[in-house]
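Read through the structure below, which is laid out as structure tokens, and then see the notes.
The values are calculated or read from the model by the stated rules, or taken from the named source; none is laboratory data. Bear in mind the structure is a predicted one, so any value in this text is a computation, not a measurement. Cβ atoms come from the backbone with ideal geometry, glycine included; neighbour counts cover every protein chain shown. Only protein heavy atoms, including side chains, enter the accessible area calculation; ligands, DNA and RNA are left aside. Shrake-Rupley method; radii C 1.70, N 1.55, O 1.52, S 1.80 Å.
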Amino acid sequence: MGFLPTSQFWHHAALTPISIVFWVGAAVVFTFFDFFALVWWQQSLVWMVFWWVWAGLVERYTRRYLARRRMRALAGPRTDPPEGLEDATVVAPPSGLTPVPEPPDLPSHAYAPSRTPGSRLVLVQRVESWDLAYERLFGRGAGAAQFAFNLAFGLAIFYPSWIVKLLGILSLLGAARCVGSWERRSLGREQGALPPSSRPGRPTNPSSSGTGAAEPPGRRA
């Protein structure tokens with residue numbers, strides 16, 4: 001739906017000042033929990049509804065603001081060239097054509113960008129890994145599976161027991177560890193599927209190995 005938040009936006013917006021607007025509203029909602037004396041499961045449901053509505057509204061108006069800002073930047077006045085360039089004239093060379101300088105010698109081999117998987121100490125190296133893992137495991141039911149996991153985690157966090165809260169956090173860390181391991185294996189398979197000349201650390205020009213060009217075979221007697 002148009003007003004619901006998207007993971008693609010909040011994966012990146014959570015690390016920007018946009019998240020401050022969201023947490024200011026969340027602080028107001030948390031104060032109402034004690035004011036209305038809500039039980040733990042009601043707090044969990046209210047939090048999920050608040051996340052859908054408030055995060056969706058913040059995302060919607062942020063996207064509109066950024067789009068208007070981009071349009072104003074593109075439609076802004078053109079910068080005038082310096083005065084010296086307006087009065088300058090092109091003078092032809094006195095005789096003949098000026099030779100174009102040759103570009104500097106390029107290196108004999110170029111390296112492909114590194115696709116080496118990151119450290120194993122990092123749980124998840126890409127923000128899109130969660131969505132990719134859900135789509136890989138559940139296919140079209142990825143949205144329902146993600147909703148069920150978020151609902152179970154939210155109920156565990158608001159449940160009035162530290163053991164249940166700890167189990168919920170451990171389950172989240174375990175799932176992140178599994179997603180990170182799957183991600184590193186996928187990156188390793190992608191790197192192994194590259195041709196030898198495109199792998200990092202290998203020259204692309206066979207003549208750069210120092211052996212020179214292959215000599216033609218000699219004639220037979």
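Assess whether Ser19 counts as being of a type in the set (Gly, Ala, Ser), surrounded by 13 or more Cβ atoms within 10 Å (Cβ to Cβ) and within 19 Å of Leu151 (Cα to Cα). Taking the combined requirement at face value, the residue does not satisfy it. Taking the condition within 35 Å of the chain's Cα centre (by Cα), modelled with pLDDT of 90 or more and within 25 Å of Ser129 (Cβ to Cβ), does Ala55 pass? Answer is yes for this residue. One residue alone among Val53, Val28 is open to solvent by less than 100 Å² (accessible area, probe 1.4 Å), part of a helix (DSSP H, G or I) and free of Cβ contacts under 8 Å to residues at least 24 places away in the same chain, and that residue is Val28.
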